[in-house]
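Take a look at the structure below.
Derivation of every value follows stated rules applied to the coordinates shown; laboratory data play no part. Please read these numbers as outputs of a predicted model, since none were measured by experiment. A quick note on method: Cβ atoms are made from the backbone with ideal geometry, for glycine too, and the neighbour counts reach across all protein chains shown.
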Amino acid sequence: MTLSKFFSKQTGLKTLAENSYKAINQGSYDVDMYDHNNHSVISLKKIILTCGYVPIISEIKFASPSKGKILDQSKISPMELAKQMTHSGSIGISVLTQPYLFDGSIHDLASIRKGVNVPLLMKDIMVSEVQIDAAKKAGADCILLIKSIFDKGFAEGSIEKFSEYAIKKDLEVIIEVHSEDEFEDVLKNKKQLIGINNRNLNTLEVDINVTITLLQKFDKQNNIIISESGISETNDIKKLRSIGVDAFLVGTSIMESANVFEKIQELSHV
């Protein structure tokens, strides 16, 4: 696996956080030109619970620290890609908005909001309430908070503070975990969205057994579990569903697919 020259295995998480601060300081989240503050939030949680097939959240990302460039942005518009994904059966769209290492943009999310009527997840390394404000203005329905970012003290406040701030703005929150300690800790709350990232954000190594191990060791109780990263085949879906995963966030395998429609149909109708 080739890592970006800007990414170090030793400082992976720190690098991701620092990139967010750099993007904030450079105005990447200045979205005063948009005003979706009155957008009626579409509940990702509700759609997952009522979906009649496998709930797939398709992710739009044009690059990643592990893969480098995934798709040439000049060849397709984010809105058209999101429409394809929605027509293919995706119950929601995750939009990478981090410019560094992911080639993302909050402006992609804002443009997608105009074209689809499904929940939009702003996927980013959240370290500041500035980003939550941007999520709301750009039309997101949900944000993701990475527990390890907060546990390491890389954010401007606690995960509880950020979560409360987002909820007050009528945004849903996915709490992302990777380790047993993180998962056990977040299980103290009930009926929340929990994302289990199969990717170690420090080493970038991916193993779907991360989700399997956590769900076999701990009762998920009434929480809604989303498995993230490394999901590319129907066997992955079958295996993870059998141990209690409720929804799947799939990015690279869809973005790299020659036929987005067929790939999403394949994964969502296991």
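A few comments on the model shown:
- Set LYS22/LYS168; LYS61/LYS263; LYS61/LYS191 screened for pairs whose C-alpha atoms are more than 19 Å apart: LYS22/LYS168; LYS61/LYS191
- The chain: most fluctuating residue of LEU240, LEU145, LEU81 per GNM, C-alpha cutoff 10 Å: LEU81
- Principal axis analysis of the Cα atoms in the range 12-268 yields extents of 45, 41, 35 Å, listed in decreasing size.
- Extents of the range 29-128, largest first, come to 35, 31, 26 Å (Cα atoms, principal axes, whole angstrom).
- Computed P(r) (all Cα pairs; the range 139-207; 10 Å bins; percent): 19, 53, 26, 2
- Seen from GLU228, the other residues with C-beta closer than 10 Å to its C-beta sum to a net charge of 0, counting Lys and Arg as +1 and Asp and Glu as -1.
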